[in-house]
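Shown next, in structure tokens, is the structure this report addresses.
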Amino acid sequence: MLPEERLRRRADFLRCYRRGRRHHGRLITLYVVQRGPAAQQARLGITVTRKVGGAVVRHRVKRRIREIYRRWELRRRLPALDLVVHAKPQAREADFEALRSEMIDLLEPLGERGRRTG
């Protein structure tokens, strides 16, 4: 994943939380907000709170989410969106495949929309 594909600024995260559409799953919540007209591609941000677990567990969940997004073949077709994946405490026990399945289920409709318009 390239650096320009990552959400980094606190203001961008807050904008996603306040104005973004929420898509809920058992393991994660996906916040989606449209970027400005000059934006070229989607950006991903990940939040994993201490409710999920200690530092080792939180970093493992983040790495898995980042890798799932990196491997997803439709990510390049997404419209210019800001995406924030917020891990729920249940993500602590989830294996890679369960997390991947849920994340792809939440991302697929966004990819379909990008394919129709682009």
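How many residues are under 18 Å from residue 4 (Cβ atoms) and in contact with a helix residue (DSSP H, G or I) (Cβ under 7 Å, 6 or more places away or on another chain) when one looks only at region 82-103? Break it down stepwise before answering.
Residues of region 82-103 that are under 18 Å from residue 4 (Cβ atoms), as a first pass: 82-85.
When the remaining residues are screened for being in contact with a helix residue (DSSP H, G or I) (Cβ under 7 Å, 6 or more places away or on another chain), the result is 82, 84-85.
Residues that pass the stated criteria total 3.
How many of the residues making up region 38-57 are without any contact (Cβ under 8 Å) to a residue 40 or more places away in the chain and assigned to a loop (DSSP other than H, G, I, E, B)?
Applying the first criterion (without any contact (Cβ under 8 Å) to a residue 40 or more places away in the chain) to region 38-57 yields 38, 41, 49-51, 53-57.
This time we only want the ones that are assigned to a loop (DSSP other than H, G, I, E, B), so: 38, 41, 49-51, 53-54.
Adding up the residues that qualify gives 7.
Working carefully through the options 63, 18, 22, 76, find the one that is assigned to a helix (DSSP H, G or I), under 17 Å from residue 111 (Cα atoms) and open to solvent by 90 Å² or more (accessible area, probe 1.4 Å).
Working: 63 fails: under 17 Å from residue 111 (Cα atoms); 18 fails: under 17 Å from residue 111 (Cα atoms); 22 fails: assigned to a helix (DSSP H, G or I).
Result of the check over 63, 18, 22, 76: 76.
If you go through region 25-45 and keep only what is closer than 18 Å to residue 63 by Cα and either open to solvent by less than 20 Å² (accessible area, probe 1.4 Å) or hydroxyl-bearing (Ser, Thr, Tyr) (or both), you end up with 27, 28, 29, 30, 44, 45. For region 15-46, a residue qualifies if it is farther than 10 Å from residue 81 by Cβ and over 14 Å from the mean Cα position of the chain (by Cα), and the qualifying residues are 15, 18, 19, 26, 36, 37, 38, 40. Every listed requirement among (1) closer than 14 Å to residue 29 by Cα; (2) open to solvent by less than 20 Å² (accessible area, probe 1.4 Å); (3) within 12 Å of the chain's Cα centre (by Cα) is met by residue 81 save one, (1).
Based on this model, can you work out whether residue 30 counts as assigned to a helix (DSSP H, G or I), in contact with a strand residue (DSSP E or B) (Cβ under 8 Å, 6 or more places away or on another chain) and among the hydrophobic types (A, V, I, L, M, F, W, C)? Can you show your working first?
Values: assigned to a helix (DSSP H, G or I): no; in contact with a strand residue (DSSP E or B) (Cβ under 8 Å, 6 or more places away or on another chain): yes; among the hydrophobic types (A, V, I, L, M, F, W, C): yes.
Against the criterion (assigned to a helix (DSSP H, G or I), in contact with a strand residue (DSSP E or B) (Cβ under 8 Å, 6 or more places away or on another chain) and among the hydrophobic types (A, V, I, L, M, F, W, C)), residue 30 does not qualify.
The values are calculated or read from the model by the stated rules, or taken from the named source; none is laboratory data. For clarity, every value in this text was computed on a predicted model and none was experimentally measured. Every residue, glycine among them, receives a Cβ derived from its backbone with ideal geometry; neighbour counts consider all protein chains shown. Heavy atoms of the whole protein, side chains included, go into the accessibility calculation; ligands, DNA and RNA do not. Shrake-Rupley method; radii C 1.70, N 1.55, O 1.52, S 1.80 Å.
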